[in-house]
Every structure is written in structure tokens, then in C-alpha cells.
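Values in this text are rule-based calculations from the coordinates and carry no lab data. Everything numeric in this text was worked out from a predicted model, so none of it was measured. With ideal geometry, Cβ positions are generated from the backbone for all residues, glycine too; neighbour counts draw on all protein chains shown.
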Amino acid sequence: MMVRWQRRACVVVVRHHWRSRPTSSSVASVASDRPESPVQRWAGLASELSKARLSGFVATTAFAGYAATGAPLVYTSNLEVSSDAVLATLGVFACSASANALNQVIEARRDARMARTARRPMPSGRCAPHEALAFAAGSAAAGTGALALTSGPLVAPLLGVSNVAAYAGAYTYLKPRAEINTWVGAVVGAVPPLIGWAAAGEPLWVADGVLSAPAEPWILALALYLWQFPHFFALAWRHRADYARGGFSMVPCDDPTGDRTSRLIFRYSVYSFAVPVLAVATGATGYMFAVEGVALNAALLAAAHRFRRDRSQANATRVFRVTLLYLPLLLLGFVLHSGRLKEDHDAGDAATLGDALDPLRNLGRSLCVHEYLAESRLQRRPTTPSLCPLDTAAQTTKMMVVRGLEVSPVPSNRVQRLINEASTCEGVLAATEALPLVGEETYSWEHEEIHIKRRRLATASALQKLAKRLVGSGAREERLRLVRDPRFGRLIRLAGDALPPGVAATRDAQIDALRSVGALSQDRVISTWRHDIDRAIASATSAPLSPGQVTAARWAAERLALFAACASLERCRELEAALDLPFSVHPSLLADDLPSVDAFRETLPLRADDVVTRSGAVVSERRHTAWLVDADDIGAMAYSGKLMRPQPFPLTVTTARDALQDRLAGARYDCALVNLYPTGDAACKYHADPGHGIPDEPRAFWAQDSAIVSVGEVRRFGFRGLLRDDDDRHLFHLFDGDVVHMVSDCQDTYQHCVFKAEDDQTNVAPRISLVFKRALYRVAPPTTTNLRVAWSVLEWLEEVGQDEDDSVAVAAACIGEHFGMSLADSDQRERFGGTRNLRDVFEAGAAALGSHSTEERYERAVRAVGGDAGFDEFLRAVDDKGYFEGCEPDSLQWRARFVKVADKFLERRRGEPSLRPEHLEDPAPPPGSDSEDVKREVVSAAAVIARALDDDDDDKSEVSEAARKLLLQNPRILQKLLSKSLHPEGLDHPVG
Ligand SMILES: O=C(O)CCC(=O)C(=O)O
Ligand SMILES: [Fe+2]
């Protein structure tokens, strides 16, 4: 069940294995007379049996496959290395080690006959077969185990283990029997990049009506397949006599003149030209890779040609050496120009290989004519084309779509490429002039759908590129120029062109376009385009949308509405309301009410600390933080691996809080976590906020309702759903004065993050966020009975409150205060109370009652899901999304989240909400008959509370205190309520 621990333990094992790999060959230590310790002996054997250098090479190709996905390698906030990357690389290393060891066991007799291999551990007698077999079994287990622990599906370990089997089985079997063995071996060698790709969680193919596949891993696999022929045949030629002695059936052994060998080497060197061509044609890389790949291939071909003319040992060696250089350079070139690595990655402050390569790319650009060429191409205005201007060439299009078999999901095209290559906003705009609006086309469409798709994709990427550059506060002048430019208006019209049926695939692009327009809408001038924006929103929302698409459209509409009427806004709001999300984004809610960033900075006790990461490393934060409270009895905040002592609200924060409470009806906040992002590279990766501080401190639990006020520089903000199956990502830009409101079970079902700056020149001004929360009272000692009582009280009050006295409603509100919600105000309940049904009431009450209940629920959850493989998988998936990030393992908070995950799991399995009466220990007693009595007592209790309320209208905490006393001092009320309550159906009834 403790997937985390298994997983970590395994990393440690693998790492240890790697560290213990010796650097010196143990052949040398055999030659010396010094006695060898068992550790030294095994280290030497492991290195030789695994063919450590070869396996290292193989592992590198798997790493290239992983990195090409653009998945994170390092989390820059704490310098933690992605465990997936490590597991994939080491896993493939161990699998390769296993295959090599098995191969050596099987070929021991033949190896003994060959000079090159006679000193290997098996033929030299330094290693017994059972030892080598044990090593092979161990590394196969470790390798497939490591691959199984990556967040990818089972594909990676399956490929790993079947590759070991193919190498030690088919390949080794064929080696002495048929020349075809080299071709089989080449297939085995082509698989590691596919493993790396799959280990990053990326699919290798998608069979969805038509079969489509990502180009990158297959091109890498093809490159490796082709490369092995020149590489291996050159080697085999040099050692052909030896191979013949060993009885192996290699082409060079039966080729006295070298004619066949050299022809094969030459032929596969020619085939290898396909790699850069395909990479560019499928859009996997930019076209610079074609230049570099072709140059590398030319070098290989030159060596192959030389060997073809003169089959000397020296020329074979030359081919071999060129292949050794060729492959790493080809892989490097591939990732340098890979389209995916240039894409903005969605992982908050995670660094990908793409980020690491940025400096290298920039250097390349500054040294190369390529940028100049791209610019001058843009200067030449596209002339009216005879064919669709979106085609690179008709040929390419046909290659891409072969009877519905889509080879690449990203067809390349000319306008797209010009947009990608443009280094200025003017360049982007100029490139888009070639895009025709519907009805403007002056050429015949060969494949209508493809063109519309490309037009839409190109529109979206142009807008995205513009937004990325110009969204920051440092780009105001240029942004104003852009939004006045008629070509910008044209882009918006393009984004709003009606979609013909059957091209829904481009809906995403349309939404991306809207998001970008929203991001560029901070200036009033945007209203010039209001009709077109409105039309685009209406068009986008005319078909079913994913949740993330709905929130994007609503957000864009809301931003437009700040400056102009927006007819589509109502519809967007309806769509979003139907999703019933536990968060909402309110653009500009406090735009006019906030002190400036500088005023905040001057008054906030901000500090950056050293924090301890999950892996135990100590890193200093880029983000500065403070924990502020507006009451004496609120406890510390434990967060991001540090404990933050409370400090009083400065006036700036009080001002912001009051304004916020004015605007968000019913919201009440008395504490705030404050963050300062001083520069563009401070960010906050996906996480959920903690529900409490130190449980023993007074008022150390926070209500579920929480609001983030954004001040200063604009930044991207994201939510991602943890427990839903559909595409549940939500991305927004937060501007000065925007508010994000999180309610209900938001922290349990979603994570949120703040991205790094989008542009390192114009988006780097400081940003402050105030994360307002409300501290809860602890009502009573956290016993099961009290839990049940609390539940009963709430339920009962709700029941009598429907048609009774106002005072009962007041009492409900006061007691609700203890539990972080107001039951009395239906408007508040609906919109902001964060409580929509009795289940939530119970959850909130349970949270408020503290640690004991969590422990109990944890024990119960463990019992309910223990040993369930499906749950383990679910837990792992959720863990991989970072659900437990920031919680000390096995801490109260960790256990509370575990319980949530278990609840969700059971809920999904049963297809119904999870909290049932069984969650409480005793069976429910039947409804009591003394309800009139109880009602009277409750009403009089409510009167007491109402009086307290009259006495001091403003100080709710006193009222709460009165309610608390009331509950504790009148055990009789509680007793009666207890005996009356808990009918099972009540649990899921919506309130009101
Ligand atoms: O800066 C923000 O907008 C959010 C910060 C946040 O999520 C946090 O501090 O927990
Ligand atoms: Fe947060």
C-alpha cells in the first residue's frame, strides 16, 4: 500500500547499484597479485557482465527518448531530479546489463575461442554460470521494477523485459546460425528510446478510429535501427576472423572481399538520411535539424564511401569511429531542435531538457545565419498562392494522410513554420497575413478539413506567441501597438470562424486563441474588437467542451466584459456553473481597492527561508513568504517544509481583506499566507494547501474557503483535477486585483500552481499574492461521540431551521462558524459557503474536530482498501500527480489525504458518494420521538446565542464562543440530539 516507500526504496537500491559500478576493469585486478575482496570481485564482474559502457550507451538513448517528451528533468525550486527520468535511464541500464550477462552465459564456449572475448568472466573461469545467471536475474528484476515504477503505463516495463528476452533469446540464438541476427539485434537496439518515451507517461500510439502516433519516439527508434548497421558491420569487419573462430554467422565472416559488408554499410548510411527529413516533415523538429542531420549523415556517408572503395582495416575503423560520434551528436541535435522541448511545459517550476538547452540554442542562433534567413523570408510578402498557402508542399500533405492513417498529429505547414521561426511580433503578424478567412480563399482546397485545421492551429499559435511576449507589465507600449493593429483583429476573426462539422479537433486551438486574447486584454483598447471576440467565444462554446475549455472561455468572456458588453458571457457562466467546480476566478474583482505592490512590500514581514525538500536536500526559496493573522489565538502555519509563526496583519492586508469581504458575499477571513515572487523565475509548483497547522495549537485548522488576491505582475495560474478522468486542467492569467476563490473540497480534488514568467524581459516585475484563509475553532475534544454529536446538532438545526424562528437560523449560523461554514444564508451556501450538502457539513465538522477523527478514519480507510491492487494503482497515480507533496510522510496531513484518496476510490468503485453512516462506528438509532422537546431546547439555546449576537454585532468570535459553551455546557441537549439523529438517507441530502 505504501507505494511511496516501495518506490523510494527501489530508487535507493538502483542508485546504489549504479554507484557500486567500478570504473576500472577487473581484468586488471586479476592480472595483479593483490588479493581481491568479495566486493571488489563482484564490482568487477558486474561491470564486465553488464558490459557497463555499452549499457551506458543504451541507457543514454532511453534517456533521449524520455527527454524528447519535454517531461521535467529537474524541479528547480528544490533541485530535485525527476524520479521518472532516473528510473527510466537506470531501468534500461539494468535491463541491458541483464541481457548482456545472459548472452555471455550462453556464448561462454564460443567466447573462449575468440581473442577479443576470451578474457571475459565466463570463458576465463572467473565467474560461475550460476553467479552470472543470478546477476542477470537480479538486474532484469531491478530493471523492469524500476521501469514499472515510472509514471508511465505498463508499456515501459513490458518493453524492457521483452527486449531482454529478445536479445538473450532470438538474437543470441540466431548469432551462430543466420546472418539475419544483425537485423534482429538492430530492432532490439531501437527499442530503448521507446521505453524512455513511454516511461514519461506518453503514449506510443493512439488508436482512436485512425491510428496516429507521435513522431518523436519512432524517429529516434528508426535512427537507432539504421545506425547499428554501419556501426556493427564496421566492428564485425575488423574482427571477422575472430567471429569466424567463434563460429558466429556474421555477414563479414562470409564475405572475403568485403563487397557485401561495405555495400550494406553504404546502403544504411544512405537510408539514415531519412531521419532528419522525417523529423522535419512530421514537425518533430525544426528545419535546422535537417541541416545538422544531413551534415552528420554526409560525414557518415563519406566514411562509408571510402570503405566501399578500399576495404582496409583503417577505413573500417574510420567508419566505426564516425558512428561513435554520429549518434550522440544526432541525438543532441534532435533534442535541441525538438518542437516539444520548445513548448511551454506545464509543470510549474520544473526544468526540462529544453530549458537546459536554451543557452546552447541561443548561442547557436547568434552564430548562425538561420535567423537572418527566417527574417528575410518574412520580408518577402507571400504572393497569392496557387495552392493553399498552408502547405509546405502538396507532397507532404499526401504523405501525412494515407487513407486515414495519420502519421503525425502535427502536420507541418509553411505559415506555421514562419510563425514558429519569427523572432519579433511584427514577424508573427506578417506571417499570419497569408491566412485566409472563411470565404476569402482564392485557391481550391484539396483537403478542406486539413486546411481548416491548420488555419486554426496557426491562428492559435500566433496569438499564443504574441501573448507570451506581450502579456507582461514591461511590454505595455508594444502591446498597445499590437491590439490596435488591424492584423490582430483579423486573427481574432480567424479564431471565431465557424468550424465545419468534423473538425472538433481544433476546438483546443480555438480555446488557446481565446486564452491568449484574454491575456492581451488588460488595456481598454481591446474593446475595439469586442464583436469579434464575442463571436469567437460564441463559436467556441457552441459545442460540448471539456471543463478546462469551459473555464477558459468564461474567463476570456469575463475579461472582455470588463471593457465592453459581452453577449456570450451569460452562456459561459451557465456552462461553468453546470460544472459545479470548487473554484472560480474573478478578474479585476479588487482592481481599484488594493494598495500597490510597493506598499505591500514595505509593510509585510516577508522572508525567504531554507526549506527541506522531500529528498532531504536543503534549498533556499525564491519565493518570500509570511503568515499573517488577525486574531491572537490563531496558530502557526506548517507549509512547504517549514513552520511559519504568525505575525499580525499590517494595515495593507486589512485593507485588502476588507475589500475582499465586501466583494465576495459571505466570505470571512482572519489569516493569510502571503507570497512575494520577486523575479520571473520564482514560482509555485502544483500543490494543495494544507488544511491545518500544528493540531495541538488553538485554532490551527483552516476553513475550506480560501481566496487568493493577486497583486502586481501578471502570472499564469493553473488548476489540475486529481480525481476526474476527463481533461481537467484550467489555466488563467492573473492580473493585479484578480481573485481566485477556492471552496468546498478544492484542496482535496484539485491542485493549483503559479507558473514562472512567460518572458524573461517583460514579465519579471514583482508579484504578491495574499492567500486568505479562515481559522476554525475547535469545538470539543475530538472523540467519536463528539463527532456524532456535532453532526447531529448541525443536521437537526438545519431541519428545524427551515420553517422555524429566525433565531434558530442564527444559532445554526453560529454553530456553523465553528465548522467553517454558514448554513443559514442560502445565497452564501450556494455560492461561497463551500458547503452544498450535509456530507460537506460533516466533513467540515470532522476536520474542525481535529486529529483524533483523522486517525480513526485513517485506520478505517486502511482496512477498507488494504491489499486492493486497484487502490494501490490509484494511490500511485494520485501520488505521482504530487497529491502528497509537501506533507510529511505519515503525518496527520498525509493521513488525511490518504483518507480522501481512499474515499474517492471507494466512491468511484461504487459509483456513489463515499460518506455513509458506516463511517461512524455504532449503528444508527431510530429517530427519536422527543423531537418537540429537543426543538424547544434548541430554540431557547438559540435565543442565548442571538442575545450574544445583539450585544456585539461585529465580533463574531464572541458569538462563536457563546455557541461553543452552549454545546459543551448542555449535555442534555446533546444527548437528546444524539438519540434522535442519524438516519442514513440524511447523509446525502442537499441542504435546503
Ligand atoms: O501565488 C499564488 O497565487 C498562489 C500561492 C499559493 O498557492 C500558496 O501559497 O499556497
Ligand atoms: Fe496554494
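If you average the alpha carbon positions of the range 165-182 and of the range 694-769, how far apart do those two centres end up, in angstrom?
If we compute the Cα centre of each part, the gap is 56 Å.
Count charges around ALA101 for me, please; just the other residues with Cβ under 10 Å from its Cβ, Lys/Arg as +1, Asp/Glu as -1.
-1
Taking only the alpha carbons of the range 597-776, what extent do you get along each of the three principal axes, in Å, biggest first?
Its Cα atoms span 43, 42, 41 Å along the three principal axes.
Over 31 Å between Cα atoms: which of LYS685/LYS900; LYS465/LYS881; LYS685/LYS904; LYS465/LYS685; LYS51/LYS881; LYS685/LYS773 fall into that group?
LYS51/LYS881
Whole angstrom only: what separates the Cα centroid of the range 594-610 from the Cα centroid of the range 248-266?
73
Given labels modelled 7 Å from the Cα in the Cβ direction, how far is it in nm from ARG663 to ARG876?
It works out to 4.5 nm between the two label points.
How much net charge surrounds LEU575 when only other residues with a Cβ under 14 Å from its Cβ are counted (Lys, Arg +1; Asp, Glu -1)?
So the surrounding residues net to -1.
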